[in-house]
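K.L.:
The structure follows.
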Amino acid sequence: MIGLPTVFAAIGSTLPSALVNWDDAVEDFIACYEERFGPSEVSTINVDSAFFLFDHGFERVVLAYAVSTEQLTKRDSARMRGFPNVNSSVRRVLGDKAFVADKGHFLGHASGGILDINLFPQRRELNRGWSGEGKRFRSMERHVAEHPGTFFYHRPIYDDDTWIPSKLEYAVLRDGTSWWKNMFFNK
């Protein structure tokens, strides 16, 4: 597996000083997760300039982070349609409190995000920018997509043992020095 210094070197840059202790932050994220759900089977999956921390016990992403790139491929609409219907699991889990979900991307497609492990049930008005929160979320995603080489992360926060995050922490490292962070409600 390659690390962040290698990813930044591949794009002709050096690791920003704000990321020198990134491994410690990742350990803190995992500790928070395990405090809530107990010991986990988390492994790191590296795909190009993206990293996914995946809990094999609950079969869900715990953290996704990347250095943004140009959009890697044209959106594969047929494959997205073939992905499991996220609304069926949202209805099954939440019943009367279900929301209409999109197949959201932890790491946006326009900034180099892939499919499969990167997809999750995301509240439609958040994903599409139809609400106040959604407008903030989309502006952050646009910033990442318009500035290739930007480090960002997306951390789902779960309140049960499903793959449906109750909240989403999205953070962008601007100019390699300052964090632009927001917490979004997904349930």
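K.L.:
Under 24 Å Cα to Cα from residue 167, which lysines show up? Leave out anything in the same chain fewer than 8 places away.
P.N.:
Counting by Cα, and skipping residues close in sequence, residue 167 has these lysines nearby: 97, 103, 135, 181, 187.
K.L.:
Another question, then. Once label points are set 7 Å from the Cα along Cα→Cβ at both residue 87 and residue 70, what is their separation, rounded to one decimal in nm?
P.N.:
3.6
K.L.:
Rounded to the nearest 20 debye, what is the charge dipole size of segment 31-187 about its Cα centre when +1 sits on each Lys and Arg Cβ and -1 on each Asp and Glu Cβ?
P.N.:
In debye, rounded to 20, segment 31-187 gives about 720.
K.L.:
Take 147, 56, 105 and order them by how many other Cβ atoms sit within 10 Å, fewest up front.
P.N.:
Least to most surrounded, the residues fall as 56, 147, 105.
K.L.:
222 nm [θ] for the chain, helices only, -39500 (n - 2.57) per DSSP H run of 4+, per residue, to 500?
P.N.:
After summing the helix terms and dividing by residue count, I get -9000 deg cm²/dmol.
K.L.:
Would you mind getting me the FRET efficiency between residue 124 and residue 175? Use the beta-carbon distance for r and R0 = 30 Å, nearest 0.05.
P.N.:
0.40
K.L.:
How long, wide and thick is segment 4-185, going by the Cα atoms along their three principal axes, in whole angstroms, largest first?
P.N.:
Sorted from largest, the Cα extents of segment 4-185 read 49, 37, 30 Å.
K.L.:
Could you please rank 183, 140, placing first whichever residue has the fewest other Cβ atoms within 10 Å of its Cβ?
P.N.:
The most exposed by this proxy come first: 183, 140.
FYI, it's all coordinate maths here, none of it is from the lab. Here the structure is a predicted model, which means the values were calculated and not measured. Reconstructed Cβ throughout: ideal geometry from the backbone, glycine too, with neighbour counts over all protein chains shown.
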